[in-house]
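Q: Encoded as structure tokens, here's the structure I'll be asking about.
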Amino acid sequence: MEQHVLVPDIGGVADVEIVEVLVKPGDVIEQEQSLITLESDKAAMEIPAPHAGTIKSLNVSVGDKVSEGSSILILDIEEAAETESTQQDSVAVEADELVAQALLESEAEVEVEAESEIKSELPAIIALPVESKQLAESQLSTDLRVPAHASPSVRRFARELGADLTHISGSGRKGRIVHEDVKAFIKTSLQQPKSALPNFADQPEFDFSTFGEIEAKPLSKIQRLSGAHLHSCWVSIPHVTQHGEADISELEVFRKKLNAELEPQGIKLTVLPLIMKAVVAALQKFPSFNASLNRVGDELILKKYLHIGVAVDTPDGLVVPVIRDADQKGLAELAKELADLGQRARNKKLKPSDMQGGSFTISSLGGIGGTGFTPIINHPEVAILGVSRADTRPVLVDGEFVPRLILPLSLSYDHRVIDGAAAARFIVYLGQVLSDLRRALV
Ligand code: CAO
């Protein structure tokens with residue numbers, strides 16, 4: 001039997017945007033399996049299937065706005081499933097109520113959950129710490145970019161117990177989080193030593209207007225969500241930043257020559273693709289920089305791929321698109337891809353997949369200025385390279401001062417994985433390759 005699946009009672013909220021479509025035609029689905037994710041100003045909520053069956057056709061796509069009664073899809077319900085679902089009508093009703101309830105729940109509570117859900121899909125961004133409330137939770141996190149999938153009843157159960165779903169691995173079908181996963185998470189959390197760090201969220205709000213005129217400006221969604229990720233990275237990873245520099249005088253001559261050759265093809269070669277190539281050589285020589293710690297922290301996962309994330313400045317905040325297999329691409333291809341990702345980032349056209357899977361990040365402020373900074377490691381990576389602006393300086397060569405173009409480098413690394421000597425060797429080698437690209441062949 002065919003049945004139109006409609007958007008249930010969502011508490012009278014209209015024109016809610018679909019941010020995720022979790023099923024496709026032909027999928028065999030279970031009752032309560034999430035079909036789509038809606039996101040209002042206040043909350044994100046998955047709409048569950050009222051019955052089990054096979055999806056015949058989809059009537060919605062990401063970006064559509066829906067209200068109660070909008071058609072989501074047509075479901076082919078088998079007879080057995082239909083009987084079963086009739087018996088379980090109360091469950092479906094409960095699911096509807098939960099959706100409505102969740103969208104209407106108190107702003108604060110729903111906001112927290114919505115943030116944690118969206119946070120999970122965002123790339124790492126470099127900014128200042130926000131509140132430390134998520135700290136203890138984030139220490140239990142594996143990879144914040146993995147979205148959480150769970151039925152409304154599991155979500156409610158997790159919310160009641162104060163468990164953040166983005167920190168729980170699902171053992172159900174297709175990695176869905178089930179009740180047992182939430183219970184196991186709570187059990188493990190209770191066994192963790194209590195964080196001794198201050199909880200800024202519990203501190204009173206300052207009334208700055210006492211001292212003069214003020215204006216409250218909300219942070220962008222990217223800033224708010226990436227802030228939590230950055231805070232978690234900053235407080236959970238023991239950072240050390242190793243500074244260094246590279247003489248890129250010869251590289252600059254080479255870059256200008258190549259640039260002139262590439263110009264007719266419309267390709268602009270900045271120093272960044274060349275830095276990327278040198279980083280690839282350094283990562284190949286020092287594989288522990290292209291790795292992640294496992295969740296328990298007793299194993300290093302070495303990655304055989306070289307996917308390099310690049311921090312891109314956008315009006316809404318920083319995003320980190322990833323250039324895949326940078327070792328297999330030439331300079332022209334890297335320059336083209338970088339320009340494309342930079343433009344799409346600024347036009348908000350990046351797809352989640354453009355920002356996933358990075359194994360090492362480069363954050364370049366060279367186009368702006370400065371002499372050095374401390375980039376925050378983009379968990380689950382273990383190191384990040386900060387690049388500042390190259391400057392011409394007098395350098396003593398054979399007893400004489402000569403003008404050389406010097407590029408400042410700042411390498412932050414996870415001291416649990418990388419020791420100081422290895423970081424110094426990495427940055428020295430990187431400098432040597434940048435000074436003379438032929439070094440990468442040795
Ligand atoms: N030294 C000197 N000049 C540099 C340089 C460096 N290290 N890096 C770039 N430049 C120059 C470029 O050659 C270019 O010069 P012209 O305009 O004269 O040709 C100019 O600076 C601008 O370069 P760009 O920034 O547009 O290009 P890029 O390839 O270097 O960088 C991208 C691309 C996407 C990384 C960059 O646009 C960007 O968004 N940077 C900001 C990233 C950021 O904010 N990171 C901080 C994270 S920590 O919070």
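Q: Quick check on my filter: what residues within the range 377-398 are open to solvent by 10 Å² or more (accessible area, probe 1.4 Å) and near the ligand (Cβ under 9 Å from one of its atoms)? Even if it seems obvious, please write down each step before you answer.
A: Step one: of the range 377-398, the residues open to solvent by 10 Å² or more (accessible area, probe 1.4 Å) are 379-380, 389-398.
Selection gives ARG389, ALA390, ASP391.
Q: Could you list, in sequence order, all residues of the range 4-35 that are open to solvent by 50 Å² or more (accessible area, probe 1.4 Å) and part of a strand (DSSP E or B)?
A: Within the range 4-35, HIS4, LEU6, GLU17, VAL19, VAL28 meet the criteria.
Q: Residue check, SER70 against (1) in contact with a Ser or Thr (Cβ under 8 Å, 6 or more places away or on another chain); (2) under 29 Å from ARG159 (Cα atoms); (3) modelled with pLDDT of 75 or more, all met but one. Which one?
A: SER70 satisfies all of (1) in contact with a Ser or Thr (Cβ under 8 Å, 6 or more places away or on another chain); (2) under 29 Å from ARG159 (Cα atoms); (3) modelled with pLDDT of 75 or more except (1).
Q: For PHE373, indicate whether it is more than 16 Å from the ligand (Cβ to nearest atom), among the aromatic types (Phe, Trp, Tyr), surrounded by 13 or more Cβ atoms within 10 Å (Cβ to Cβ) and within 13 Å of HIS243 (Cα to Cα). Don't jump to the end; show me each part of the working.
A: Working: more than 16 Å from the ligand (Cβ to nearest atom): no; among the aromatic types (Phe, Trp, Tyr): yes; surrounded by 13 or more Cβ atoms within 10 Å (Cβ to Cβ): yes; within 13 Å of HIS243 (Cα to Cα): yes.
So PHE373 does not fit the description; no.
Q: Same structure again: With the condition kept exactly as written, say whether any residue in the range 289-308 is assigned to a loop (DSSP other than H, G, I, E, B), within 11 Å of the ligand (Cβ to nearest atom) and over 28 Å from ASN259 (Cα atoms).
A: Applying the first criterion (assigned to a loop (DSSP other than H, G, I, E, B)) to the range 289-308 yields 290, 294-299, 303-307.
Then drop every residue that is not within 11 Å of the ligand (Cβ to nearest atom), which leaves none.
No, the range 289-308 contains no residue that is assigned to a loop (DSSP other than H, G, I, E, B), within 11 Å of the ligand (Cβ to nearest atom) and over 28 Å from ASN259 (Cα atoms).
Q: Quick check: anything in the range 326-343 on the phi > 0 side of the Ramachandran plot, more than 10 Å from the ligand (Cβ to nearest atom) and in contact (Cβ under 8 Å) with a residue 24 or more places away in the chain?
A: So in the range 326-343, the residues on the phi > 0 side of the Ramachandran plot come out as none.
No; the residues of the range 326-343 include none that is on the phi > 0 side of the Ramachandran plot, more than 10 Å from the ligand (Cβ to nearest atom) and in contact (Cβ under 8 Å) with a residue 24 or more places away in the chain.
Q: Moving to a separate point now. Go through LYS221, LYS277, LYS217, LYS268 for me and flag whichever is under 26 Å from ALA311 (Cβ atoms) and loosely packed, with under 11 Cβ neighbours inside 10 Å. Walk me through how you get there before you give the answer.
A: Numbers: LYS221 fails: loosely packed, with under 11 Cβ neighbours inside 10 Å; LYS277 fails: loosely packed, with under 11 Cβ neighbours inside 10 Å; LYS268 fails: loosely packed, with under 11 Cβ neighbours inside 10 Å.
After ruling out the rest, the residue left standing is LYS217.
Q: Tell me, please, whether a residue that is more than 30 Å from GLU299 (Cβ to Cβ) and modelled with pLDDT of 95 or more can be found in the range 348-362. Walk me through it before giving the result.
A: Within the range 348-362, the first condition is being more than 30 Å from GLU299 (Cβ to Cβ), and the residues that meet it are 348-351.
Within this subset, residues satisfying the condition of being modelled with pLDDT of 95 or more are none.
Looking through the range 348-362, none of the residues is more than 30 Å from GLU299 (Cβ to Cβ) and modelled with pLDDT of 95 or more.
Q: In this structure, does SER363 turn out to be open to solvent by less than 70 Å² (accessible area, probe 1.4 Å), within 16 Å of the ligand (Cβ to nearest atom) and in contact with a His (Cβ under 9 Å, 6 or more places away or on another chain)? So that I can check it myself, show each step before the final result.
A: On the way: open to solvent by less than 70 Å² (accessible area, probe 1.4 Å): yes; within 16 Å of the ligand (Cβ to nearest atom): yes; in contact with a His (Cβ under 9 Å, 6 or more places away or on another chain): no.
Against the criterion (open to solvent by less than 70 Å² (accessible area, probe 1.4 Å), within 16 Å of the ligand (Cβ to nearest atom) and in contact with a His (Cβ under 9 Å, 6 or more places away or on another chain)), SER363 does not qualify.
The values are calculated or read from the model by the stated rules, or taken from the named source; none is laboratory data. Keep in mind the model is a prediction, meaning the values are calculated, not measured. Glycine also receives a Cβ, built like all others from the backbone with ideal geometry; neighbour counts cover every protein chain displayed. These area figures cover heavy atoms from the full protein model, side chains too; ligands, DNA and RNA do not enter into them. Shrake-Rupley method; radii C 1.70, N 1.55, O 1.52, S 1.80 Å.
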